[in-house]
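Peer 1: Below: one structure in C-alpha cells.
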Amino acid sequence: MRYFVGMIFLFGLVHHSCAQERSLGFFVTNAEENAPGLLENANLQKVGELQNEIIRAQNNAFQINATSEVLVAPYFNSNGKFLDVTTNPSVNALGYDVGITNGGLYSAQVNITKNIFNKTIVDNLLLQNQLSNASLALGQEEMTRNLVKNITDLYIFTYQLQLQKDFTLGIIEDLNNRLNVMELLVKRGILAESDYLAIQSDIGTKQLELDQIDINFKNLYTQMGNLSGVTLSNFDPLADPQIETTSQKDTLLFEKRFALDSLQISADQNVFENQYRPQVSVYGNSGLNAVDLNNLQRRFGLSAGLRLTIPIYDGHQKKYNELQNKLKLDNLDYYKKYNETQAQNTFESLRMQMEGQTAYLKQMEEQLQLQSNILEIYKQKMVQGLASVIDYLNLVQTYKLTAYAKLQAQTNLWLLRNQYNYTNW
C-alpha cells in the first residue's frame with residue numbers, strides 16, 4: 001500500500017502515459033478561434049475601420065450628382081390661343097403668375113459640391129469613430145478574459161474528476177489484489193469467508209462510485225468542448241492545469257475601460273460642437289437650364305458659388321450638452337474609485353486564501369503519509385490474521401476521504417489562482 005501516497009497524481013500519470021493528453025491551452029486556443037462573440041466583434045472592428053473611409057468621403061471628397069427636371073405651366077386663353085406655353089402671356093390669360101413659374105422649367109445638370117476648411121470637423125469625427133473602435137477592441141479583450149476564466153474553471157473541475165477517477169481505480173486495483181490474497185487465506189482457514197465477502201462488497205461499492213464519477217467527468221468534458229467549439233470524438237485525458245498567478249499589472253482592464261469611456265465622452269462633445277463651427281463649401285453645376293423651349297439648344301451653361309454658414313443662436317444647447325457630459329464624467333469617476341477599492345480588497349483576500357490553501361495542502365500531505373503508513377501495517381497484520389478486515393476497509397475509506405479533501409484543496413488553490421489572474425487582467 002506504499003503507493004497510496006501521491007496516488008492521486010502518480011496513478012493518473014501511469015494510467016494515461018500511453019494516451020494523448022489535452023492541455024488547458026488547447027481548449028482556450030480553440031475557444032478564442034471559435035467563439036462567435038469574438039468573431040462578431042472582430043468584424044465590427046473592421047466595420048469601424050471602413051467607417052473612417054466613409055467619414056473622409058462624406059466630408060473631404062467631391063459630392064457629384066445629376067439632376068433633371070421638366071416643369072410645364074401652360075396658360076389658357078392667351079394671345080388668342082386656347083392653350084399656350086409661353087413666358088409672355090396676355091393680360092387676360094388664365095394660369096400661374098409668370099413671375100413664379102417663368103412659364104416652365106427644362107433642366108438637366110451635373111452638380112458638384114465640396115466642403116472646405118473643415119479639417120477640425122473631420123478630425124473630431126475620425127477621433128470619435130476611432131475611440132468607438134477602440135472600445136470594441138477593449139470589449140474583445142473583456143470577452144476573451146471572461147471566456148478564459150470560464151474555460152479554466154471548467155477545466156479545473158473536469159481535471160479534479162479525472163484525478164478522483166484515477167484514484168478510485170487505484171483503490172479498486174489494490175483491493176482486487178487483496179482479494180486474491182484473501183481467497184488463499186480463506187481456503188487455508190486463516191481468514192473467515194465473511195472477510196472475503198466484505199472486501200468483495202466494498203469493491204462493488206467503489207465500482208459504482210467510479211461509474212458515477214465517470215458520468216460527471218464526461219458531462220463536464222462535453223461542456224468544455226461546447227464552450228471551446230471543439231468536436232469531441234473521445235475523452236482524451238487532461239494534462240495538469242499548471243496554473244500560476246500572473247505578475248501584478250500597472251493598469252487593469254477596468255481602468256482601461258474608464259479611461260476610454262472618458263475619452264469617448266470628450267470626443268462626443270467635440271463632435272456635437274462641430275455644428276457651431278463656421279462651415280464653408282463650394283459648389284458648381286453645368287448643363288441645360290431653361291424656362292422656354294425657344295432656342296433650347298443655346299441654354300447650356302455653368303454656374304459656381306461659395307456658401308458660408310455661421311451658427312448664431314441655438315437656445316443654449318451647447319451649454320446643456322457640456323453639463324450633461326460633465327455629469328457623465330463624474331459618474332465614471334465614482335465607479336472608478338469604487339472598483340479600485342474592490343480590486344484592492346479582492347487582491348488582498350485572494351493572497352490570504354492562497355497562502356492558507358498552500359499551508360493546508362502541506363498538512364494534508366503529512367496526514368496522508370501517516371495514514372499510508374498505518375495502512376501498510378494493517379495490510380501485513382491482515383495477511384497474518386491479526387487485524388480485522390472491517391477495520392482495514394474503514395482505514396481505506398478514511399484515507400480516501402483525506403485524499404479527496406487534499407484534492408479539493410488543490411482544486412480550490414487552482415480556482416483561487418484563476419480568480420486572481422482574472423482580477424489582474
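Peer 1: So if I check each of GLN128, GLN109, which one is more than 30 Å from VAL28 (Cβ to Cβ), surrounded by 15 or more Cβ atoms within 10 Å (Cβ to Cβ), in contact with a strand residue (DSSP E or B) (Cβ under 7 Å, 6 or more places away or on another chain) and touching a residue at least 12 places away in the same chain (Cβ under 8 Å)?
Peer 2: On the way: GLN128 fails: in contact with a strand residue (DSSP E or B) (Cβ under 7 Å, 6 or more places away or on another chain).
Only one candidate passes the filter, namely GLN109.
Peer 1: Need pairs with beta-carbon distance below 8 Å; first residue in contact (Cβ under 8 Å) with a residue 60 or more places away in the chain and within segment 281-298, second charged (D, E, K, R) and surrounded by 14 or more Cβ atoms within 10 Å (Cβ to Cβ); sequence gap 6+ or separate chains.
Peer 2: As it stands, the answer is SER281/LYS114; VAL282/LYS114; TYR283/LYS114; LEU288/ARG299; ASN289/ARG299; ALA290/ARG299, since those pairs meet every condition given.
Peer 1: Given the conditions (1) surrounded by fewer than 13 Cβ atoms within 10 Å (Cβ to Cβ); (2) within 26 Å of the chain's Cα centre (by Cα); (3) not in a helix (DSSP H, G or I), and given that LEU386 satisfies all but one, which numbered condition is not satisfied?
Peer 2: Result: LEU386 fails condition (2) only.
Peer 1: Quick one: would you say GLN269 is surrounded by fewer than 16 Cβ atoms within 10 Å (Cβ to Cβ), part of a helix (DSSP H, G or I) and of a type in the set (S, T, N, Q)?
Peer 2: On the way: surrounded by fewer than 16 Cβ atoms within 10 Å (Cβ to Cβ): no; part of a helix (DSSP H, G or I): yes; of a type in the set (S, T, N, Q): yes.
No, not satisfied.
Peer 1: For segment 114-124, state whether one or more residues are assigned to a helix (DSSP H, G or I), of a type in the set (A, V, I, L, M, F, W, C), surrounded by fewer than 18 Cβ atoms within 10 Å (Cβ to Cβ) and at negative phi. Can you show your working first?
Peer 2: Quick first cut of segment 114-124, residues assigned to a helix (DSSP H, G or I) only: 119-124.
Now narrow it down to the ones that are of a type in the set (A, V, I, L, M, F, W, C): 121-122.
Among the residues that remain, those that are also surrounded by fewer than 18 Cβ atoms within 10 Å (Cβ to Cβ) are: 122.
Cutting the leftovers down to at negative phi gives us 122.
For segment 114-124, residues assigned to a helix (DSSP H, G or I), of a type in the set (A, V, I, L, M, F, W, C), surrounded by fewer than 18 Cβ atoms within 10 Å (Cβ to Cβ) and at negative phi: present.
Peer 1: Looking at the structure I just gave you, is LEU71 loosely packed, with under 12 Cβ neighbours inside 10 Å and without any contact (Cβ under 8 Å) to a residue 60 or more places away in the chain?
Peer 2: Values: loosely packed, with under 12 Cβ neighbours inside 10 Å: no; without any contact (Cβ under 8 Å) to a residue 60 or more places away in the chain: yes.
Answer is no for this residue.
Peer 1: Name the residues in segment 196-228 that are out of contact with any Lys or Arg (no Cβ under 8 Å at 6 or more places or on another chain), within 11 Å of LYS165 (Cβ to Cβ) and of a type in the set (A, V, I, L, M, F, W, C), would you?
Peer 2: From segment 196-228, those out of contact with any Lys or Arg (no Cβ under 8 Å at 6 or more places or on another chain) are 196-198, 200-209, 211-212, 215-216, 218-228; that's our starting set.
Okay, now just the ones that are also within 11 Å of LYS165 (Cβ to Cβ), so 209, 211-212, 215-216, 218.
Once the filter is applied, which keeps residues that are out of contact with any Lys or Arg (no Cβ under 8 Å at 6 or more places or on another chain), within 11 Å of LYS165 (Cβ to Cβ) and of a type in the set (A, V, I, L, M, F, W, C), segment 196-228 yields only ILE215.
Peer 1: Within segment 79-106, can you find the residues that are buried (at least 17 other Cβ atoms within 10 Å of the Cβ) and either part of a helix (DSSP H, G or I) or of a type in the set (Lys, Arg) (or both)?
Peer 2: THR101
Peer 1: Moving on. Based on what the data block shows, is TRP425 among the hydrophobic types (A, V, I, L, M, F, W, C), touching a residue at least 40 places away in the same chain (Cβ under 8 Å), surrounded by 13 or more Cβ atoms within 10 Å (Cβ to Cβ) and not in a helix (DSSP H, G or I)? Walk me through how you get there before you give the answer.
Peer 2: Working: among the hydrophobic types (A, V, I, L, M, F, W, C): yes; touching a residue at least 40 places away in the same chain (Cβ under 8 Å): yes; surrounded by 13 or more Cβ atoms within 10 Å (Cβ to Cβ): yes; not in a helix (DSSP H, G or I): yes.
Taking the combined requirement at face value, the residue satisfies it.
Peer 1: In segment 153-188, which residue that is basic (Lys, Arg), modelled with pLDDT under 90 and part of a helix (DSSP H, G or I) is farthest from the chain's Cα centre (by Cα)? It would help to see each step written out before you state the result.
Peer 2: Initially, segment 153-188 is screened for residues basic (Lys, Arg), giving 165, 178, 187-188.
Okay, now just the ones that are also modelled with pLDDT under 90, so 178, 187-188.
Now restrict to residues that are part of a helix (DSSP H, G or I): 178, 187.
Values: ARG178: 53, LYS187: 66 Å.
Of everything passing the filter in segment 153-188, LYS187 is farthest from the chain's Cα centre (by Cα).
Peer 1: Among LEU302, LEU306, which is the only one that is free of Cβ contacts under 8 Å to residues at least 60 places away in the same chain, touching a Gly at 6+ places or on another chain (Cβ under 7 Å) and of a type outside the set (S, T, N, Q)?
Peer 2: Working: LEU306 fails: touching a Gly at 6+ places or on another chain (Cβ under 7 Å).
Exactly one residue qualifies, and that residue is LEU302.
Peer 1: Considering only segment 146-165, I want to know if a residue exists there that is loosely packed, with under 15 Cβ neighbours inside 10 Å and within 30 Å of ILE243 (Cα to Cα). Quick ask: steps written out before the conclusion?
Peer 2: Step one: list which residues in segment 146-165 are loosely packed, with under 15 Cβ neighbours inside 10 Å, which gives 146.
Checking the rest, the ones that are also within 30 Å of ILE243 (Cα to Cα) come to 146.
Yes, segment 146-165 has at least one match.
Peer 1: Among the candidates LEU260, LEU220, LEU227, which residue alone is assigned to a helix (DSSP H, G or I), within 36 Å of the chain's Cα centre (by Cα), closer than 28 Å to THR120 by Cβ and not β-branched (Val, Ile, Thr)?
Peer 2: Details: LEU220 fails: closer than 28 Å to THR120 by Cβ; LEU227 fails: closer than 28 Å to THR120 by Cβ.
Going through LEU260, LEU220, LEU227 in turn, the sole match is LEU260.
Peer 1: Still on this model: Which residue pairs have Cβ atoms closer than 7 Å, lie 6 or more positions apart in sequence or on different chains, and pair a first residue in segment 249-265 that is touching a residue at least 12 places away in the same chain (Cβ under 8 Å) with a second residue that is basic (Lys, Arg)?
Peer 2: LEU253/ARG145; PHE258/LYS336; ILE265/LYS328
Peer 1: Considering each of THR411, THR346, THR398, THR402 in turn, give the residue that is at pLDDT 95 or above, surrounded by fewer than 17 Cβ atoms within 10 Å (Cβ to Cβ) and either closer than 19 Å to ALA198 by Cα or β-branched (Val, Ile, Thr) (or both). So that I can check it myself, show each step before the final result.
Peer 2: On the way: THR411 fails: surrounded by fewer than 17 Cβ atoms within 10 Å (Cβ to Cβ); THR398 fails: at pLDDT 95 or above; THR402 fails: at pLDDT 95 or above.
Selected residue: THR346, the only one of THR411, THR346, THR398, THR402 that is at pLDDT 95 or above, surrounded by fewer than 17 Cβ atoms within 10 Å (Cβ to Cβ) and either closer than 19 Å to ALA198 by Cα or β-branched (Val, Ile, Thr) (or both).
Per-residue answers, yes or no, for (1) part of a strand (DSSP E or B); (2) surrounded by 16 or more Cβ atoms within 10 Å (Cβ to Cβ); (3) small (Gly, Ala, Ser):
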| position | (1), (2), (3) |
| --- | --- |
| SER201 | no, no, yes |
| GLY204 | no, no, yes |
| LEU210 | no, yes, no |
| SER233 | no, no, yes |
| GLN248 | no, no, no |
| ILE265 | no, yes, no |
| SER303 | yes, no, yes |
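The values are calculated or read from the model by the stated rules, or taken from the named source; none is laboratory data. For clarity, every value in this text was computed on a predicted model and none was experimentally measured. Here the Cβ is made from the backbone with ideal geometry for all residues, glycine too, and neighbour counts use every protein chain on show.
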